[in-house]
1. How about Lys162: which lysines have a C-alpha closer than 19 Å to its C-alpha, ignoring those fewer than 8 places off in the same chain?
2. Given the peptides 181-194, 219-232, arrange them by the average over their residues of other C-beta atoms within 10 Å, most packed first.
3. Sort the range 149-228 into rounded, prolate or oblate with this rule: let a ≥ b ≥ c be the square roots of the eigenvalues of the Cα gyration tensor; rounded if a/c is under 1.5, and if a/c is not under 1.5, prolate when a/b is larger than b/c, oblate otherwise.
4. Once the piece of chain linking Glu225 and Val31 is laid out straight, how much longer is it, given 0.36 nm per residue of separation minus the C-alpha distance between them?
5. GNM, the chain, Cα, under 10 Å: largest mean-square fluctuation among Gln107, Gln130, Gln84?
6. Per 0.36 nm of contour for each residue apart, how much would the distance between Glu68 and Val152 grow if the chain were fully extended, relative to their Cα-Cα spacing?
7. Name the residue, out of Phe134, Phe113, Phe80, whose mean-square fluctuation peaks in a Gaussian network model built on the chain with Cα pairs under 10 Å.
8. Just from its helices, what would the mean residue ellipticity at 222 nm be for the chain, if runs of 4 or more DSSP H residues each count -39500 (n - 2.57) and the sum is divided by every residue, rounded to the nearest 500 deg cm²/dmol?
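The values are calculated or read from the model by the stated rules, or taken from the named source; none is laboratory data. For clarity, every value in this text was computed on a predicted model and none was experimentally measured. FYI the Cβ positions are ideal-geometry reconstructions off the backbone, even for glycines, and counts take in every protein chain you see. Ligands, DNA and RNA are excluded from the accessible area calculation, which covers all protein heavy atoms including side chains. Shrake-Rupley method; radii C 1.70, N 1.55, O 1.52, S 1.80 Å.
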Amino acid sequence: MNIAAFLDIDGTLYRNSLMIEHFKKLVKYEVVDPGLWHTSVKDAFVEWRKRVGEYEDYMLELVDIYYEALKGRRAADLEFISNQVITLNGDIVYKYTRNRILWHQQQGHKVFFISGSPSFLVGKMAQKYQIDGFRGTDYLVDEEGRFTGEVVPMWDSVSKNKAIDAFVKEYDIDLTQSYAYGDTNGDLSMLTLVGHPIAINPAKELLLNIKHSPKLKETATIIIERKDVIYKLDADVEIISESDLFL
C-alpha cells in the first residue's frame, strides 16, 4: 500500500487565500466593479486586519460577491487572470510546508492538495508543485463554458473526507501511515483520518478540537511558522484567552 500526504492550501501552504487573490485581480483588471470592494467587503477586511473582526466574517462577505462576479462569465476569458494569480503568488508559501512536500516526494509518497479554493486555481498550484492529484471547490459551468453561480464545495470536513476516500481507493493508500496538513476546522476530519496529523498555524477552533480529541491529542503535531523561526509544539500547548491579556 502507498503512503500519502494530504495538504490544504490556503493558510497551510500558501500564506493567504487563492480565492482572495483571484478576486483582487478581477478588481484590478476591472472584471469586477471596484466599487463592490468598498461597499461590500472593505469594512470586514479592515476589521480583520486590525485583529478586531473575524477572518470568517471577512471571507463570508467576499464569497457571496465572488460567486456573483463569476456568474455568466466564460472560464476561458479569465484564464490569463487565473494564471497571473499562480505566477505572482505561487511561491509565497510557508517554508515548512514547501519543504515537507519535497520530503514526501523524495520518499516516494503520493501528495495531494485538498482545498476550498476554486479547482481551476488549485489545479494550477498542483501543476506548479508537481503533485499527484488535487480536489478543489468546483465552480460549475454551462454548455457554453460560462460560470453558473453554482458550486460544489471542498472547504468542509465532509467534502474533504469524500475526497480522501476517493484517493484511498484509486491509489491504494494506507491512512495509518499517511500524513495530513491543515490549519482550520474544515481540516479536522482530514487530520483525524491519518496516522500523522500536522496542524500548521492552526485557528483557535481547530486547536481546541485537537486538544479535546483523545486521538489527536496523542498524535497531532502543531507547527507555528513566524518570521524566520519554525516552532514545533505538542497538542496540549496552552491557549491564552483574551481575558488573560489584561492580567
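1. Those lysines meeting the cut-off are Lys110.
2. Highest to lowest by the protection proxy: 181-194, 219-232.
3. On the way: a/c = 1.77, a/b = 1.25, b/c = 1.42.
Cα axes put the range 149-228 in the oblate bin.
4. On the way: separation 194, 0.36 × 194 = 69.84 nm, distance 3.50 nm.
Value of the extension gain: 66.3 nm.
5. Largest GNM mean-square fluctuation: Gln107.
6. 28.7 nm
7. Phe80
8. Computed ellipticity for the chain at 222 nm equals -12500 deg cm²/dmol.
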